[in-house]
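Working notes for the structure below.
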Amino acid sequence: MANYIGSSLKRKEDRRFITGKGTYTDDIVLPNMTYAYIVRSPHAHARIKAIHADKALAHPGVVAVFTGKDLQDDGVNPLPTGWQITDSMIEPPHPVVAVDRVRYVGNPVAVVIANSRAAAKDAAELVEVDYEILPAVVDATRAIEKGAPTVHDEAPDNISFTWELGDKAATDDALSKAAHITRLEIVNQRLIPNAMEPRSAIGDYHPARDELTLYTSSQNPHLIRLLMCAFVLGIPEHKVRVVSPDVGGGFGSKIFHYPEEVIVSWASRKLGRPVKWTAERSESFLTDAHGRDHYTVAEMGIDKDGTILALRVNTIANLGAYLSTFAGGIPTWLYGTLLAGQYKYPHIYVQTKGVFTHTTPVDAYRGAGRPEATFVVERLMDTAARELGMDPAELRRKNFIPADAFPYETPVVLTYDSGNYEASLEKAMQIIDYQKWRDEQAKARNQGRLIGIGLSCYIEACGIAPSKVAGAIGVRAGLYEGASIRVHPTGQVTVYTGSHSHGQGHETTFAQIVADGLGVSPENVEVVHGDTAQIPFGMGTYGSRSLAVGGSAIWRAVEKIREKAKKIAAHKLEASEDDIVFEDGKWVVKGTDRALTLGEIALTAYVPHDYPEGLEPGLEENSFYDPANFTFPFGTHIAVVEIDPDTGKVQILRYVAVDDVGNVINPMIVDGQVHGGLAQGIGQALWEGAVYDENGQLLTGSMMDYAIPKADDLPHFEVDRTVTPCPHNPLGVKGAGETGTIASTVCIVNAVVDAVSHLGIKDIPMPLTPERVWRAIHGK
């Protein structure tokens, strides 16, 4: 029998995608369907004085126009946030549709529903809103200054929370005694997700059954159902089905509970007809939750021999106008806990202020806190090495947590379960021929050429767990995962998973796990996800949790199937259970050639004429898996760049990524995940950045103004791995989907700064556009 775990099988799901046969939310057309178009605020901050909808209501094809007051009067509650960071965290109400004030450009103001999308859009232009324009603030550092415009009356200083972690006194003391302090001011700029598929939602209410179905492009349908039922609409959960069909990318932006999901659900109940909304790309720029947007001051204390003594970090995190679903956790628990990196820091202290501004809400974006932490740590390492006259690889090597020190407890509460950081550094340096490039760099400088080598030694905490710990840090949900496996009478298998696939290849990877565990072909394993009426309650996909948590739940169910199959095989083969072993995809009597396949056992289970006494018929098992700890992927990335001094253009000559994601189920899929992450991380380093003007207008609100990387911008990626299995989950796997994003941004920035460091340049703010690099060079 083939070993499917560890094989690079082609993705099963790709056939329907590349032939245009996928089913996305906007592809769904229901009988008697209507279409919603949302009137959005053109102002970042204004008081709504009046809304006049008469002209819109008279437009041909218009069914209804609703305002925020209509929803409020009907008992629709504000959107909840799912992560309480501190007991004193200020959570202003987040109305589904604005009632009296708008707080960012794109804030919903009214909803027009018509028999066609075109009629709804045309009528929306006829809705007249009287605004009293108010002062706005978009920069978080300015928002906490005295006299800044107030976003919410509940937070007069615009601060939602002040969070801290670590021993401040010990850190301050260690820094005061350090022989050298490296200090950096860092702006980790705001990003816009830009998933290929725009968000879409359809509310479909059936009055006769009093049941609502919500189709939505979401990464976690059960969470959306829970939040909408329990907090917003107050509908009994068993009366709501949420279906998240094929989803064209998310990168975190489709985790959250958005106003549009509530709008179409509520409107469908009011009208008794299906209501569809699909974002235009310009709406996506304005309303999909943004990412990053930190201002940080970081100080690292070092002894005279290069030993790190302490790290102090103060961060101001821009939350946007409202607290999105997981907004508070990103710049705190998913950021501060990773500031130890791969290093033996004796002392760390971090403080984060979460600040409201008149901008689009900010939440998780691929990596979610981990890229921001890695950027701080790895920029400090490169800068410190340069200030001390050390090679950046040598400074890192000197301060690594040694391989024999695990499990290792950091000063910022995490316990790393395993790791071998020097091995990944050495492998990356060997692949890229590190010393050769250092020699080439020296020669190039004599010729007036600018070559730089950047390193990034990262660690990630993902698969947030266990639920008890999640609750202790303020997460208002469990973080387990559910799975169910049904073996059909003929031996085919259906897997129902609470994880959700939106590009990760779950239908292939999960099928490989089950095929390996039950002795069937992956082609005979169907994976079902995204429909709360079919799947066990699950927490969806984000934070690189699918395989470590969802895959482990599936494996636990496989083990239960195997155990029951063993009982059936022992009975049919007239052997003791102790003599039955699973070998080569069959249940075999040890030392004999007598065996049964899964299909033979399944048929017996469903036609139990000759069957073990007291054993239930059928072959179906459930499992819920709550991990014992996070998983901790790590690795080293090295980039070599060359800068054209006449234009400032950065060319990536080589990029090597050596990652450790534990055991690998499908190497090709992991490589693809790493490649995608690298593209996004490099995009932040060199091109991407959301820009608002002082009035809160998004200046980068289209593909004409927001630069995402293109294929010809990127080099051939050289990807390799070390393998340190996770010791606490049954598959020995770790997350892989965010590693590339976490490591690559700072890797590229370090390379660019290294290329110009001999000119006295210590830092260049992202994105490192040709203009910014040229100005840095010629300013010196």
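The values are calculated or read from the model by the stated rules, or taken from the named source; none is laboratory data. This is a predicted model, so every value here is computed, not measured. Cβ coordinates were reconstructed from backbone atoms using ideal geometry, including for glycine residues, and neighbour counts include every protein chain displayed. What goes into the accessible areas is simple: the full protein's heavy atoms, side chains included, and nothing from ligands, DNA or RNA. Shrake-Rupley method; radii C 1.70, N 1.55, O 1.52, S 1.80 Å.
For the reader, a short list of remarks on this structure follows.
- Pair list, Cβ under 8 Å, 6 or more apart: segment 610-627 residue free of Cβ contacts under 8 Å to residues at least 24 places away in the same chain and surrounded by fewer than 16 Cβ atoms within 10 Å (Cβ to Cβ), other residue assigned to a loop (DSSP other than H, G, I, E, B) and not aliphatic (A, V, I, L, M): P617/P608; P617/Y611
- Among the residues of segment 542-569, those that are open to solvent by 10 Å² or more (accessible area, probe 1.4 Å) and not in a helix (DSSP H, G or I) comprise Y542, G543, S544.
- Where a residue in segment 10-24 is under 19 Å from F510 (Cβ atoms) and its partner, wherever it lies, is open to solvent by 100 Å² or more (accessible area, probe 1.4 Å) and assigned to a loop (DSSP other than H, G, I, E, B), with Cβ under 8 Å and at least six apart: R15/K21
- Scanning segment 261-301 for residues that are acidic (D, E) and either surrounded by fewer than 24 Cβ atoms within 10 Å (Cβ to Cβ) or at positive phi (or both) turns up E280, E283, D293, E299.
- Unmet requirement for L191, which otherwise passes all of (1) buried (at least 23 other Cβ atoms within 10 Å of the Cβ); (2) among the aliphatic types (A, V, I, L, M); (3) within 30 Å of E237 (Cα to Cα): (3)
- Filter result (basic (K, R) and within 18 Å of T81 (Cα to Cα)) within segment 227-258: K254
- Scanning segment 462-492 for residues that are of a type outside the set (A, V, I, L, M), in a loop (DSSP other than H, G, I, E, B) and closer than 27 Å to T337 by Cα turns up G463, P466, G474, R476, G478, Y480.
- Scan of segment 195-213 for residues that are open to solvent by less than 10 Å² (accessible area, probe 1.4 Å) and in contact with a Gly (Cβ under 6 Å, 6 or more places away or on another chain), ordered by number: A195
- Among the conditions (1) free of Cβ contacts under 8 Å to residues at least 40 places away in the same chain; (2) farther than 17 Å from N314 by Cβ, E197 misses just one, which is (1).
- Some residue of segment 748-760 being outside any helix (DSSP H, G or I) and more than 21 Å from E642 (Cα to Cα): no
- Filter result (touching a Lys or Arg at 6+ places or on another chain (Cβ under 9 Å) and over 25 Å from L134 (Cβ atoms)) within segment 32-63: N32, M33, T34, Y35, A36, Y37, V63
Results for (1) modelled with pLDDT of 95 or more; (2) over 30 Å from V137 (Cβ atoms); (3) open to solvent by less than 60 Å² (accessible area, probe 1.4 Å), shown as yes or no for each residue.
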position	(1), (2), (3)
I38	yes, no, yes
A46	yes, no, yes
G61	yes, yes, yes
E91	yes, no, no
A118	yes, yes, no
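- Among the candidates A470, A515, A465, residue that is surrounded by 21 or more Cβ atoms within 10 Å (Cβ to Cβ) and without any contact (Cβ under 8 Å) to a residue 12 or more places away in the chain: A470
- Among residues of segment 518-541 being among the acidic types (D, E) and within 30 Å of T597 (Cα to Cα), the one that is least open to solvent (accessible area, probe 1.4 Å) is E526.
- Residue in segment 754-766 that is most open to solvent (accessible area, probe 1.4 Å), counting only those that are of a type outside the set (K, R) and over 18 Å from E688 (Cα atoms): H758
- One residue stands out in segment 767-780 among those that are open to solvent by 10 Å² or more (accessible area, probe 1.4 Å) and not in a helix (DSSP H, G or I): the one that is modelled with the lowest pLDDT, namely K780.
- The single condition from (1) open to solvent by 70 Å² or more (accessible area, probe 1.4 Å); (2) touching a residue at least 24 places away in the same chain (Cβ under 8 Å); (3) closer than 28 Å to N666 by Cβ that K572 fails is (3).
- Residue in segment 628-648 that is at negative phi, assigned to a loop (DSSP other than H, G, I, E, B) and hydroxyl-bearing (S, T, Y) present: yes
Condition check ((1) in a helix (DSSP H, G or I); (2) under 14 Å from R721 (Cβ atoms); (3) open to solvent by 40 Å² or more (accessible area, probe 1.4 Å); (4) outside the structural domain of P633 (by TED's automatic domain parsing)) across all residues:
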position: V658; (1), (2), (3), (4): no, yes, no, no
position: I669; (1), (2), (3), (4): yes, yes, no, no
position: A679; (1), (2), (3), (4): yes, no, no, no
position: I682; (1), (2), (3), (4): yes, no, no, no
position: N695; (1), (2), (3), (4): no, no, yes, no
position: G701; (1), (2), (3), (4): no, no, no, no
position: A707; (1), (2), (3), (4): no, no, yes, no
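- Looking only at segment 713-747, and only at residues there that are charged (D, E, K, R) and assigned to a loop (DSSP other than H, G, I, E, B), the one that is farthest from R370 (Cα to Cα): K734
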